[in-house]
Amino acid sequence: EYNNGTSEDGNWTDLEYPDTDMNVDGSVTTEEYGESFLSFTDVNGVNMKVYAHMGEEGVFFGFVSDDKSVYYHEEASVYDNTSVEIQVAPANTATLNSNVIQLRLGANGYAEQWIGFKAQDKQYDYTRKHVPSMGAVLINGELNTSTCNGYSMELYLPYSSLNLSEKPESIVCAPSFNTKRSYTSGPRATWTMMLGCNLSEPATWYVVNDTG
């Protein structure tokens, strides 16, 4: 389900897109994304597959996890819950800047957007800022119970949110995910980024183009 909101509350905004073959509903299908995907696994054996599709006016991302512990506690930060994160930037971006976007989406549909320059406290390389985008979550089971058998999520980011005026030949991205073992306000169990990616170095990120 969509978590719609405004720039004031920082939640996802329901956006329109011209790609009639895409449906941002949380379900990730090969009919939408094709057969190509990235796959990586955390230290506990939880696997994440990441799909991508460059649409006419924005890029779509699909996440498919086999995590059976799908928990979200509202008093914990999104990264301390079952959630996905992805950094996205225009191709050939060498360093973090305001064109670099970080999207976060929790298992309960809560979302955040960040841009690539240091916050005022200089403790983190990104600063919280509303960025037009949207996302959806589909859980195989019931959130915060032992009945879950994985989940999938989708994110959509217009090219204009990357300060691009038209569809580019490619972009770069760095996906990661967080796990949580139970319904508590405590910290996450693991944070796992795609192998070879450095959070603060877009030159190390994966290339997305029309082939996925």
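The values are calculated or read from the model by the stated rules, or taken from the named source; none is laboratory data. The structure displayed is predicted, hence computed values, not measured ones. Ideal geometry is used to build each Cβ from the backbone, glycine not excepted, and the neighbour counts take in all protein chains shown. Only protein heavy atoms, including side chains, enter the accessible area calculation; ligands, DNA and RNA are left aside. Shrake-Rupley method; radii C 1.70, N 1.55, O 1.52, S 1.80 Å.
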Quick check on this structure: which one of Lys49, Lys118, Lys122 is farther than 27 Å from Pro168 by Cβ and surrounded by fewer than 20 Cβ atoms within 10 Å (Cβ to Cβ)? Lys122
Going by what's in this entry, would Val64 be described as assigned to a strand (DSSP E or B), open to solvent by less than 10 Å² (accessible area, probe 1.4 Å) and touching a residue at least 60 places away in the same chain (Cβ under 8 Å)? no
Please name all residue pairs, on different chains or six or more residues apart, with Cβ atoms under 8 Å, provided the first residue is in region 177-199 and is on the phi > 0 side of the Ramachandran plot and the second residue is modelled with pLDDT of 95 or more and not in a loop (DSSP other than H, G, I, E, B). Gly196/Thr204
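Do we find a residue being within 30 Å of His73 (Cβ to Cβ), open to solvent by less than 40 Å² (accessible area, probe 1.4 Å) and in contact (Cβ under 8 Å) with a residue 40 or more places away in the chain anywhere in region 163-172?
As a first pass, look at region 163-172 and keep what is within 30 Å of His73 (Cβ to Cβ): none.
Within region 163-172 (the criterion being within 30 Å of His73 (Cβ to Cβ), open to solvent by less than 40 Å² (accessible area, probe 1.4 Å) and in contact (Cβ under 8 Å) with a residue 40 or more places away in the chain), the answer is no, since none of the residues qualifies.
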For the subset of region 125-158 comprising residues that are assigned to a strand (DSSP E or B) and polar (S, T, N, Q), which member is surrounded by the fewest Cβ atoms within 10 Å (Cβ to Cβ)? Thr127
Kindly establish whether Gly150 is touching a residue at least 60 places away in the same chain (Cβ under 8 Å), among the small types (Gly, Ala, Ser) and touching a Ser or Thr at 6+ places or on another chain (Cβ under 7 Å). yes
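Can we say Ala111 is of a type in the set (A, V, I, L, M) and closer than 27 Å to Gly186 by Cβ?
On the way: of a type in the set (A, V, I, L, M): yes; closer than 27 Å to Gly186 by Cβ: yes.
Taking the combined requirement at face value, the residue satisfies it.
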